[in-house]
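Report on the following structure.
Just so it is clear, none of the values below were taken in a lab; they were calculated from the coordinates. Quantities reported herein were computed from a predicted structural model and do not represent experimental measurements. All Cβ positions, glycine included, derive from the backbone under ideal geometry; neighbour counts span all protein chains shown.
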Amino acid sequence: MPEVYISSGLRVQVMSRADGNCEYCRHQSWYSGPFSVDHVIPVSKGGPTELDNLAWACMACNLAKADRTHALDAYSAQMVALFNPRNQRWSENFCWNDDCTLILGITASGRATIDALNLNRTDAVHLRKVLVLFGDHPPT
């Protein structure tokens, strides 16, 4: 499938709306690797390239999500929709553990998204530990 063009203006709007944070793992773009614009509903599944269907995502989350919209919630053993930052609130689906290094799923969608996108991957947890020490994590 050919790459979809996203104008620099639209890219800036998506990043600004997310305040520079990955809308899935909450990585801050000024502290970690490359970021990209994610189609929440993938183009391959009919998702439009419009602000209401775009999310700011670190490359690790975007690559892990790929063209998926659903994943298995291991707790309920049900296929559920992945977290959708355009119509769900992060804080209603996820929370931080006591030291703010691990993302915990509050809902089936949250749990499935954590597993599918590997939101607690080793490098992310290590980065969060360092950022906590400097008072730069969790993002507001």
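Observations on the structure shown:
- For the pair Ala77 and Phe134, the difference between a 0.36 nm per residue extended length and the Cα-Cα distance amounts to 16.6 nm.
- Which label in (1) 70, 33, 30; (2) 40, 37, 22; (3) 40, 29, 25 gives the computed Cα extents along the principal axes in Å: (2)
- Cleavage-rule hits, trypsin sites (Lys or Arg not before Pro), the stretch 40-140, DSSP coil, Cβ neighbours within 10 Å at most 12: Arg89
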